[in-house]
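Novice: Sharing a structure with you now.
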Amino acid sequence: MHICNIIEKIKKIDIFHPISIVVIGHLIIFMLALPYFNKIELSSLIKILGVLIIFIIGFSLPFIFPIKIKSNTYLSFVLLMILSIYGAFKVTHSLLLSVIYWLFIVVVAELFIKFYNKRIFADVLFAIGILAFILIVLIYKAVPIFNYDVRMAINSEPLRLISMGGLIYGGIENKAYFVIAFIILVLLGYKVGVLMLFIAYIVYRYRNISFKYVVLLALGMLIFLGVMGKIILLSSNQSWKLNPIELLCYRAYFDLYVLSKIVKSNIMALGKITLTPNGEQFIGELLFGYRHNFTTTLFGTVYLDFGIFGVLFAVILGFVSKFIYEGDKKLYAIYASLLLAYCEIGINYGFLVVLSLLFYANTRIKTRGIAW
């Protein structure tokens, strides 16, 4: 009888809640990495597990305690402005282009706020996403997934980000859009975009789906991402003998290995990673002696920047996540997919910009009709 009660309580858990997503995301990484656990020292596994538990508890605190978060339009606006302009300036070295980039983001956000319950806005963004992909193919004269050099070249390409954003937002509108967006995102060659579309669609369309179907869908998606990763590697100069599933397992192991290196290093980069555009490239420099981007699990980059004090960052992320969770359903679906994807990638500057955008949009929606 007691077991039945536990099962019933488990069934009532919202698996798309931010805490659930963060816990499940890390559990998937640990489960996939199981075949390679013998390559990581037991003491290292215990340490990284302890660090992750502390950070996840910090992230969960705003949800556990009944603290009301008030909408603050000014705060969200200033935060978005600073992150957008500073990030764009570090990349372009042009104040004019940086301001234009920020204004573009604000205009898109304001259009969403005005038309967020109208189908036409999703249609327009979806069309822009398709157009951006076509422009990438025409400019680089190749389909990214079949050309590794092009795929690497568009890593910081604004058109790629515009294409992914438009396709993900429009793709969760209906099944036809979802299929078209899914195919294009696969051809774009970035697994994170495919995963985000898939998760956002499930969260937005099937919020009350049963846990067993979620597990089956997750297994299917993992296999698909493994195959996609194999196709990407075949177009590169790298030679891997691992099959798609083994590739996923090795990637998960390497994420934990990088995290163990971070915990052992006792380095405090003081924001060089998280608070710097493209700062992820310094992870390799600090840990392995050469500049390269490595995935670290969600809080790995924050720990590398601030050590155990980074848990304060996790608490702030929890507050913002709670605010978005209680806001617009569609925006949360996109954020949920982003949060799950970054459980493997690690928080970076791009994540912070998108987070501030969602925070701003939700704030404006909640205060709609109230003058600034």
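The values are calculated or read from the model by the stated rules, or taken from the named source; none is laboratory data. Since the structure is predicted, the reported quantities are computational estimates derived from the model, not experimental observations. In this analysis, Cβ positions are derived from the backbone assuming ideal geometry, glycine residues included, and neighbour counts consider all displayed protein chains. With ligands, DNA and RNA removed, areas are computed over all heavy atoms of the protein, side chains included. Shrake-Rupley method; radii C 1.70, N 1.55, O 1.52, S 1.80 Å.
Novice: For the chain, which DSSP H helices look membrane-span-like by this rule: Cα extent along the axis of 27 Å or more and mean Kyte-Doolittle of at least -1.0?
Specialist: 42-64, 73-92, 95-115, 119-140, 211-234, 244-265
Novice: Which percent of the accessible area of the range 107-179 is formed by carbon and sulfur heavy atoms (probe 1.4 angstrom)?
Specialist: Reported share for carbon and sulfur atoms: 70 percent.
Novice: Remind me, relative contact order of the chain in percent, using alpha carbon pairs under 8 angstrom and six or more residues apart?
Specialist: That works out to 27 percent.
Novice: Classify the range 80-209: rounded, prolate or oblate, from the alpha-carbon gyration tensor (a ≥ b ≥ c, eigenvalue square roots; a/c under 1.5 rounded; otherwise prolate if a/b is larger than b/c)?
Specialist: Oblate, since a/c reaches 1.5 and b/c is not below a/b.
Novice: Can I ask one more? Where does the charge balance sit around Ile29 when Lys and Arg score +1, Asp and Glu -1, over other residues with C-beta under 14 Å from its C-beta?
Specialist: -1
Novice: Kindly provide the helix-only [θ] at 222 nm of the chain, computed as the sum of -39,500 (n - 2.57) over DSSP H runs of four or more divided by all residues, to the nearest 500 deg cm²/dmol?
Specialist: Only helices count here, giving -24000 deg cm²/dmol.
Novice: Looking at the range 59-137, what % of the alpha carbon pairs are farther apart than 18 Å?
Specialist: Tail of the P(r) past 18 Å holds 64 percent of the pairs.
Novice: Per-residue counts of other Cβ atoms within 10 Å, averaged by peptide: what ranking do you get for 299-308, 197-206, highest first?
Specialist: 299-308, 197-206
Novice: Could you name the aspartates and glutamates in cross-link range of Lys39, using Cα to Cα under 14 Å and dropping any fewer than eight places away on the same chain?
Specialist: Asp255
Novice: With respect to the cross-link table entries Lys212/Lys241; Lys47/Lys272; Lys118/Lys366; Lys118/Lys272, which display a Cα-Cα separation exceeding 29 Å?
Specialist: From Lys212/Lys241; Lys47/Lys272; Lys118/Lys366; Lys118/Lys272, over 29 Å: Lys212/Lys241; Lys118/Lys272.
Novice: Using only alpha carbon positions, build the gyration tensor of the chain, then give the equivalent ellipsoid semi-axes as the square roots of 5 times its eigenvalues, largest first, whole angstrom.
Specialist: For the chain, the semi-axes come out at 29, 26, 24 Å.
Novice: Continuing with the same structure: Going by average Cβ neighbours within 10 Å, how do the peptides 115-123, 335-343 rank, with the highest at the top?
Specialist: Answer by packing, highest mean first, reads 335-343, 115-123.
Novice: If you wrap the range 116-162's Cα atoms in a convex hull and average its projection over all directions, what's the area in nm²?
Specialist: For the Cα atoms of the range 116-162, the hull's average projected area reads 3.5 nm².
Novice: Starting from the eigenvalues of the Cα gyration tensor, five times each then square-rooted, give me the equivalent ellipsoid semi-axes of the range 136-268, largest first, whole Å.
Specialist: Those come to 25, 23, 16 Å.
Novice: Taking all protein chains in place and a 1.4 Å probe, what share, in percent, of the accessible surface of the range 180-297 do carbon and sulfur account for?
Specialist: 63 percent
Novice: Follow-up question, since we're still on this one. Counting heavy atoms of the protein chains only and a 1.4 Å probe, report the per residue accessible area for the chain as a whole number of Å².
Specialist: Result: 50 Å² per residue.
Novice: In addition: Taking Lys141 as the anchor, which lysines have their alpha carbon closer than 27 Å to its alpha carbon, excluding any fewer than eight residues away along the same chain?
Specialist: Lys191, Lys230
Novice: Go through 182-191, 224-233 and give me the packing order, highest mean Cβ count within 10 Å leading.
Specialist: Taking the mean over residues of other Cβ atoms within 10 Å, the ranking is 182-191, 224-233.
Novice: Another one. Suppose a student asked you for the relative contact order of the range 220-372, using Cα pairs under 8 Å spaced at least 6 residues apart; what percent would you report?
Specialist: Once normalised by length, the contact order is 22 percent.
Novice: Give me the percent relative contact order of the range 153-201, please, defined on Cα pairs under 8 angstrom at least 6 residues apart.
Specialist: Across the range 153-201, relative contact order equals 35 percent.
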